[in-house]
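Structure first, then comments.
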Amino acid sequence: MYNSRNIIIGLIIFAAFVTFPFYNNFGKAVTKPDPKLDTPEIQKFPENERRCVEPKEFMKAGHMQLLNGWRDSVVRYGNRIYVNDAGKEFEISLQNTCMKCHSNKKKFCDECHNYAAVKPYCWKCHIEPKEKET
Amino acid sequence: MGTLFSFFVVIILVLIAWVGVKAANLHFLFGIIIPYIAILTFIVGIIYRVVRWSRSPVPFRIPTTCGQQKSLPWIKDSKLDNPSTTLGVIGRMALEVLLFRSLFRNAKFELREGAKLVYGSAKWLWLAGLALHWSFFVIILRHFRLFTEPVLFFVPLLESIDGFLQIGVPLLFVSGIVLLLAVTYLFLRRIFIPEVRYISLASDYFPLFLIFGIASSGILMRYFFKVPVVDVKVLTMGLISFNPDPKVLEGIGILFYIHLFLICTLFAYFPFSKLVHMAGVFLSPTRNLANNNRMKRHINPWNYPVKVHTYEAYEDEFRKFMKDAGIPVEKE
C-alpha cells in the first residue's frame, strides 16, 4: 500500500461518516413515542364509540393533509362542515373539534411530532391549549 | 438498448420489493436483513476498492496542469490550477469535490459553415451535476431525522430552509424537486446528444433510473401515499441500535419498502460501479498531486534501489566459462 498514512486517514473519515448513526446512538435507550388517548372527554364515550373523524390508520399517517384540507375549506371557502367516509358530519375546527377530545397536546401531538422532528405551524394562528405541567 | 435494459432492471427491482412484501409477506427480509447486507456491502466494498487502488504505485507526479507552473520568482504561478504545495492541492481538491471545477471548464465544439471549428461554453452539465449532488447530499442529511434521537440540530435548520416555500402539508422540500429535475436532465442529455448517447452504456443509465426511482418513491411517500413516519423511525432507530422491532414492519406501506429496496440496491451497487467516484475522486493522481517534479526528487517505488549487475560482477561470475570459450577477460 502506497501513501498508507493518507489512505488510512481517508478510510477512517469515511467509516466515521457512514457509521455515525450507529455509534451516535450507541448505548442510548430511545423510548418510542406513546401518544395518550385517555383524556376525560374521550373516556366519556363508551368503548365502542371512541373513534376519530376518520379511521385510526388513516389519521396516523394522513392527519396533516386532512387538517390542511380543513384549513382551506374554512379559511378559503367558508365551509365548516366535514362529512367523513361513513357519512357522519363534523364541525371543522381544530380547537373545538380536534382539541375537544385530544385536549392533551403535549402527550398527544408533541409526543410524535418531537420524535419525528416535525414542527407544524398550527399554533402560529391557533391558540395553544394551556396544560397543567405534569 | 442500454436504456431499456436499465429501465427494466429498475422496474424489476420495484416489482421484487412489491411482490416480496405484498404477496410473500417478507417484511423481515426487506425491512431488516437486506438493509444490513446493503450497508455492510457498501462499507466493505468501498474500503476494498480504496485499498486496491492504493496498491498501485504513483511513481511520478502527473497532475493536469491548468495554469502557470511555479518556476522563477518573478513569474506569477497559478496556485490552484497548478499547485506546487500541499495547501494548493487541498484547495484544488476542495474546489473539485465541492464545486466540480473541472466540469465547469467543459466546452463544446462543433463545425460550422463547413470547416470552421467553433468552441463554446457548455455549463448545463456542470449545473445539473452540481444540482444533483448537492440536492442528494441535502436529502441524505435531512434523513438524519430518522437516524438520530434527539434529532441533531442541523436537521430542523435544513428542513426550514428546504421547505421555505411552505407549499402544502407536509411542506414541499425543494431539494426533492431539484434532484428529480437534475436526474431527468442528465438522462435526457444522454438520449438527445448523439455523441453522448454513443458512449452511454447500461451502467450509465442504471444509476440515473435508480436515483429517479428513489427520489420519486420518496416524494410519493411524503406527499401522496402516506406511511406512518413514527413507525418508520421506530424501525430505523431499531436498525441502528442492532435491536430492530419487527412489530412495526407490517404497518408500514408498500411504498416504503420499494423506496428502501431501491436505496439498498444503490448502496450495494455503489462500490462496484461508476458511483465509486465518490471515493475515487480523492485518489485521482491528476488532481491530488502537487506539481513539484522539478523541486523534489520523486523516487520510483517499484525499482529503487535499482538492482544492477555490473560487468565486474558478471565477469567474476562467468570468468571460467569465458576463458574456456576464449573470450578475453579484463582480470585474470
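The values are calculated or read from the model by the stated rules, or taken from the named source; none is laboratory data. Nothing here was measured: the structure is a model prediction, and the numbers come from that model. Every residue, glycine among them, receives a Cβ derived from its backbone with ideal geometry; neighbour counts consider all protein chains shown. Protein only, heavy atoms only, side chains kept; ligands, DNA and RNA dropped before computing areas. Shrake-Rupley method; radii C 1.70, N 1.55, O 1.52, S 1.80 Å.
In chain A, the DSSP-assigned H stretches of four residues or longer account for a calculated mean residue ellipticity at 222 nm of -11000 deg cm²/dmol, using -39500 (n - 2.57) per stretch and the full residue count as denominator. For region A:4-124, the calculated P(r), taken from all Cα-Cα distances in 10 Å bins from zero up to the bin holding the longest distance, is 10, 32, 25, 12, 11, 7, 3, 0 percent.
Once the cut-off is 16 Å, how many percent of the Cα-Cα pairs in region A:65-134 end up in the long-distance tail? Roughly 56 percent, once rounded to a whole number. Computed over the protein assembly as shown, the Cα gyration tensor eigenvalues convert (square root of 5λ each) into semi-axes of 60, 27, 23 Å, ordered from largest to smallest.
Solvent-accessible surface of the protein assembly as shown, averaged per residue with a 1.4 angstrom probe and all protein chains in place: 63 square angstrom.
Modelled this way, with points 7 Å down the Cα-to-C-beta line, the labels at B:MET322 and A:ASN96 are 11.6 nm from one another.
In region B:1-66, one over the average inverse separation of all distinct C-alpha pairs is 15.8 Å, which is the Kirkwood hydrodynamic radius. Look at the alpha carbon pairs under 8 Å that are at least 6 residues apart: their mean separation over the length of chain B gives a relative contact order of 31 percent.
Averaged over the residues of peptide B:44-52, the number of Cβ atoms from other protein chains lying within 10 Å of each residue's Cβ is 2. Calculated [222 nm] ellipticity per residue, helices only, for chain B: -17500 deg cm²/dmol; basis is -39500 (n - 2.57) per DSSP H run with n ≥ 4, divided by all residues, nearest 500. With all distinct Cα pairs included, what does the Kirkwood hydrodynamic radius of chain B come out to in Å, to one decimal, could you say? With all distinct Cα pairs of chain B included, I get 24.6 Å.
Couplings 3J(HN,Hα) for region B:316-327, derived from phi with the Karplus relation 6.51 cos²θ - 1.76 cosθ + 1.60 (θ = phi - 60°), are 4, 6, 10, 4, 4, 5, 5, 4, 4, 8, x, 8 Hz, where x marks Gly and Pro. Please work out the Cα center distance from region B:46-70 to region B:262-314, rounded to the nearest Å. Result: 5 Å between the Cα centres.
Entry for region B:105-231 at q = 0.10, 0.13, 0.18, 0.22 Å⁻¹: log10 I(q)/I(0) = -0.44, -0.67, -1.04, -1.34, Debye formula applied to identical alpha-carbon scatterers, no solvent contribution. Within the same chain, lysines fewer than 8 places from B:LYS323 are excluded, and of the rest, those with a Cα less than 25 Å from its Cα are B:LYS331.
From Cα pairs below 8 angstrom and at least 6 apart in sequence, can you work out the relative contact order of region B:9-85, rounded to a whole percent?
Value for region B:9-85: 15 percent.
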